[in-house]
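Report on the following structure.
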Amino acid sequence: GIKQLTPEQLSERFIAIDVDGGGSLDRSEIRDFFLSMGMVLSKAVLDELMKKIDSDSDGTISIHEFKSMMLQLQSQASVGQDDQNGFRSIWQRFAKAINDELDGDTNNLD
């Protein structure tokens, strides 16, 4: 299952994905994160992912939107049905990868 992460752990994951350090995640950073997990997202799935996470529709994912999405995933991990394109599965794999990446961290960010 998807375990609960602390706000600090979620911030660490966000910073790790935010390769350019711009303070928000753009489409290419999300796409590259999935690629690093061996998942190639179609344009349609990436569009849907961005639409669901980017609540203010500014084209990027803020840390607030990222944390909100992760908390939603953690609370709804065992509820609901698959969306079009197996989207729910992608959501869950996204959350699991973030958890796994955290578990695999050997570098202490303190």
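The values are calculated or read from the model by the stated rules, or taken from the named source; none is laboratory data. Keep in mind it's a predicted model, so treat the numbers as computed, not measured. No Cβ is skipped: glycine too gets one built from the backbone with ideal geometry, and neighbour counts run over all protein chains shown. For accessibility, only protein heavy atoms count, side chains too; no ligands or nucleic acids. Shrake-Rupley method; radii C 1.70, N 1.55, O 1.52, S 1.80 Å.
For the stretch 11-42, how many residues meet the condition of being closer than 12 Å to Ala97 by Cα and open to solvent by less than 80 Å² (accessible area, probe 1.4 Å)? If you could, list the steps in order and put the result at the bottom.
Step one: list which residues in the stretch 11-42 are closer than 12 Å to Ala97 by Cα, which gives 13, 17, 33-39.
Imposing the further condition that a residue be open to solvent by less than 80 Å² (accessible area, probe 1.4 Å) reduces the set to 13, 17, 33-34, 37-39.
Residues that pass the stated criteria total 7.
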Pairs, please: C-beta under 6 Å, at least 6 apart or cross-chain, first residue closer than 16 Å to Ile17 by Cα and open to solvent by less than 40 Å² (accessible area, probe 1.4 Å) and in the stretch 47-67, second among the charged types (D, E, K, R) and in a helix (DSSP H, G or I)?
Ile53/Glu65
